[in-house]
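Chemist: Shown below is the structure under consideration.
The values are calculated or read from the model by the stated rules, or taken from the named source; none is laboratory data. Only a predicted model underlies this, so the values are computations on that prediction, with no experimental measurement involved. In this analysis, Cβ positions are derived from the backbone assuming ideal geometry, glycine residues included, and neighbour counts consider all displayed protein chains.
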Amino acid sequence: MTDVQSQSHADRVYDWWSRHPGLFDLFATAAFFGRYRSLRRMAVDRLGLERGDRVLDLACGTGPNFPLLVEAVGSGGTVVGLDHSRGMAVAALQRAHEAGDESLRVARADAGALPLPDDAMDAALCTLSLSAIPDHLAAIQELRRVVRPGGRVVVLDAQPYQSGPIRVFNPLVNRVSALATNWYPDRHLPTDLRAAFGADRVDVDCHNGGTAFVATVRVPESL
Ligand SMILES: C[S@@+](CC[C@H](N)C(=O)[O-])C[C@H]1O[C@@H](n2cnc3c(N)ncnc32)[C@H](O)[C@@H]1O
């Protein structure tokens, strides 16, 4: 029996990746055809952050988004990084400590039960994670709860090839990615975001032949 695609599998694989951050970078660079960093920057830009904003980095991993987020919100802002893997949370904490930036806060937490009050954040970012979190619908509900009306949520994620002959590789890629990253390739995250926030509140643009996308949610003033 296998528990691939469960929270315990996710925690195990990400504890392992947290000890091999260089390898994870290589894996992600290959998976995103070398556009891993530029897509990250694009996702942060889509948040439209202003100085002094409070932004959540959900399932932050080792914290690769932190420098971009800290730069965007400035010294009066707040960046909260949360992750469920103990190894990832410790690595992110270490990165925050080394950065010595007062605006960074890191904790271990479940995306489905965030330790934040309602409307506590101006924006939230979730990169490469919503497709790996076992209960992603609970995570989306939590994003909806903690981001204030009028705020923004941006999701950068991957999906299998949607068309063309290269789709023949999907079964192999999906299986390897499920094992290596707890990936759930059958999800359609833009549909789930639209169901939670409203169809007209979510813009999606695709990259890398449709295998990467950035979804920008403009949280309604009243939900
Ligand atoms: C592929 S990594 C992405 C990390 C980081 N956001 C990045 O862009 O590199 C997916 C992350 O989701 C986290 N994760 C999985 N399940 C979670 C949950 N229930 N709550 C919070 N984080 C979770 C994993 O621990 C892992 O750090």
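Chemist: So, in segment 48-68, how many residues would count as being under 13 Å from the mean Cα position of the chain (by Cα) and either surrounded by fewer than 20 Cβ atoms within 10 Å (Cβ to Cβ) or under 21 Å from residue 116 (Cα atoms) (or both)?
Modeler: Looking only at that region, the number is 11.
Chemist: A follow-up question, please. Based on what the data block shows, is residue 92 within 13 Å of the ligand (Cβ to nearest atom), free of Cβ contacts under 8 Å to residues at least 60 places away in the same chain, within 18 Å of residue 18 (Cα to Cα) and buried (at least 23 other Cβ atoms within 10 Å of the Cβ)?
Modeler: yes
Chemist: Just to be sure I understand the filter: pairs with C-beta atoms under 6 Å, separated by 6 or more residues or on different chains, first member in segment 4-19 and of a type in the set (A, V, I, L, M), second member within 7 Å of the ligand (Cβ to nearest atom). Which pairs pass?
Modeler: Once the first residue is of a type in the set (A, V, I, L, M) and sits in segment 4-19, its partners that are within 7 Å of the ligand (Cβ to nearest atom) give 10/182; 13/182.
Chemist: How about segment 63-85: which of its residues are in contact (Cβ under 8 Å) with a residue 40 or more places away in the chain and in contact with a helix residue (DSSP H, G or I) (Cβ under 6 Å, 6 or more places away or on another chain)?
Modeler: Across segment 63-85, the qualifying residues are 63, 83, 85.
Chemist: Something else: Condition first: crowded, with 20+ Cβ neighbours inside 10 Å, within 9 Å of the ligand (Cβ to nearest atom) and of a type in the set (Gly, Ala, Ser). Now tell me which residues in segment 131-157 satisfy that.
Modeler: Listed by number, the residues that qualify are 131, 132, 139.
Chemist: Here is a list of conditions, (1) modelled with pLDDT of 95 or more; (2) more than 10 Å from the ligand (Cβ to nearest atom), and residue 15 meets all of them except one; can you say which number that is?
Modeler: It fails just one condition, (2).
Chemist: In segment 74-84, is there at least one residue being surrounded by fewer than 21 Cβ atoms within 10 Å (Cβ to Cβ), of a type in the set (Val, Ile, Thr) and more than 9 Å from the ligand (Cβ to nearest atom)?
Modeler: Yes; the residues of segment 74-84 include at least one that is surrounded by fewer than 21 Cβ atoms within 10 Å (Cβ to Cβ), of a type in the set (Val, Ile, Thr) and more than 9 Å from the ligand (Cβ to nearest atom).
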